[in-house]
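Rule-based calculations on the coordinates, nothing more; no lab input. A quick note: this is a predicted structure, and the numbers were derived from the prediction, not measured. Cβ placement follows ideal geometry from the backbone for every residue including glycine, while neighbour counts extend to all protein chains displayed.
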Amino acid sequence: MTRVGPIPLLLATALLAPVAAIGAPAGSPVGRSPRGRRSQAEAPAPPPSEKQPLYRISGCRSTGTVAYYHGPARREVAIGFDDGPAPDTAAFVKMLAANHTRATFFMIGRQISSAYRKVMLRELREGDVLGDHTFTHPDLEAVPDVREQLQRTLAVIRSLTGYTPCVFRPPYGDYDTSVLRTARSLGLATVLWNVDPSDWEVPPVATIVSRVLAEVQPGSIIISHDGGGPRANTLAAYPRIIAALRRRGLRIVTIPELLGFRPVYVHCVKLCDGLGLPRDELPRDAIVTPAP
Ligand SMILES: [Zn+2]
């Protein structure tokens with residue numbers, strides 16, 4: 001059964017949410033500098049927060065009213081990990097960092113708790129992207145509360161990290177035009193995939209690797225899973241996949257980057273949970289929101 005008719009779009013103001021200013025919570029631990037990159041300028045630097053305003057990532061801005069299965073056929077591909085956060089997520093983040101690669105994590109809202117705050121902040125620090133994968137992982141063509149499914153997940157990610165996703169992946173890849181419209185009204189692009197190694201079936205590592213490499217092409221979006229079950233095989237497969245993609249001359253980017261969605265940065269006051277960057281270190285295409 002397919003629902004007909006969109007949910008009334010009551011919240012035209014939803015797009016305002018991503019630029020809400022996020023201050024570092026009082027009493028949060030002192031942020032560390034981003035891992036291993038551009039630690040000190042050559043000049044004797046004053047404490048950065050004294051002289052230079054810092055900016056922290058607060059989201060991204062997506063466009064488009066269709067579902068994306070891939071990006072443009074440039075020599076770029078993106079990897080999405082679904083169904084976290086989960087016990088294996090931290091190991092995935094570490095593996096990506098060790099391989100100098102970034103990915104997009106589509107998260108299930110009801111699994112997100114303060115216990116995962118640290119790993120989510122590390123993802124943001126390292127340039128990974130957080131995406132919306134609904135609150136309870138239903139088939140969205142079969143439930144009446146699509147807006148709530150998406151909104152609750154946005155809210156919990158935002159409350160823990162100050163980051164508002166701009167990409168959404170429907171569970172099982174099931175969506176209709178009403179789902180697309182609802183997602184769009186919340187600032188979310190609907191993102192599917194065109195390379196699927198079915199890693200959720202826990203095939204051997206070599207099978208995951210060979211399935212990805214058989215299907216991947218310039219512009220591909222690869223789906224895999226960091227949650228929903230034991231993911232050691234997926235985790236072990238990716239260093240090999242990443243190396244093979246690079247040998248083919250494919251650059252690995254996040255899904256927003258692949259689709260040309262710009263990151264949004266907001267002025268942060270002091271600690272910024274270690275996410276603060278001076279303006280000249282922001283990505284070239286960043287949208288910068290001034291201090292509130
Ligand atoms: Zn899923």
Per-residue Cβ neighbour rank within 10 angstrom, fewest leading, ILE79, ILE242: ILE242, ILE79
Built amide H within the under 5 Å cut-off of VAL129, gap 5+: ALA103, THR104, PHE105
Using a Förster distance of 22 Å, the FRET efficiency for ALA91-LEU213 (Cβ separation, nearest 0.05): 0.50
FRET efficiency for SER198 and THR177, using Cβ-Cβ distance with R0 set to 41 Å, rounded to 0.05: 0.90
Cleavage-rule hits (trypsin sites (Lys or Arg not before Pro)) in the stretch 68-117: DSSP loop, at most 12 neighbouring Cβ within 10 angstrom: ARG74, ARG75
Amide H within-cut-off set for ILE287, under 5 Å, with H built and near neighbours excluded: VAL264, TYR265
J(HN,Hα) series, the stretch 233-240, from Karplus relation 6.51 cos²θ - 1.76 cosθ + 1.60, nearest Hz, glycine and proline x: 5, 4, 4, 6, 6, 5, x, 6
Part-to-part distance (alpha-carbon centres) for the stretch 140-182 and the stretch 204-239, which is given in Å: 24 Å
Rounded to whole Hz, the Karplus (6.51, -1.76, 1.60) HN-Hα couplings of the stretch 274-280, x for glycine and proline: x, 8, x, 10, x, 4, 6
Footprinting exposure proxy for GLU123, GLU215 (fewest neighbouring C-beta atoms within 10 Å first): GLU215, GLU123
Cα centre as origin, Lys/Arg/Asp/Glu Cβ charges: the stretch 63-261 dipole, Debye: 840 debye
Residue-count net charge about THR65 - beta-carbon cut-off 11 Å; Lys, Arg +1, Asp, Glu -1: +2
Pair ALA236, ARG75: separation of 7 Å Cα→Cβ label points (nm): 3.2 nm
Built amide H within the under 5 Å cut-off of CYS268, gap 5+: LEU54, TYR55, ARG56
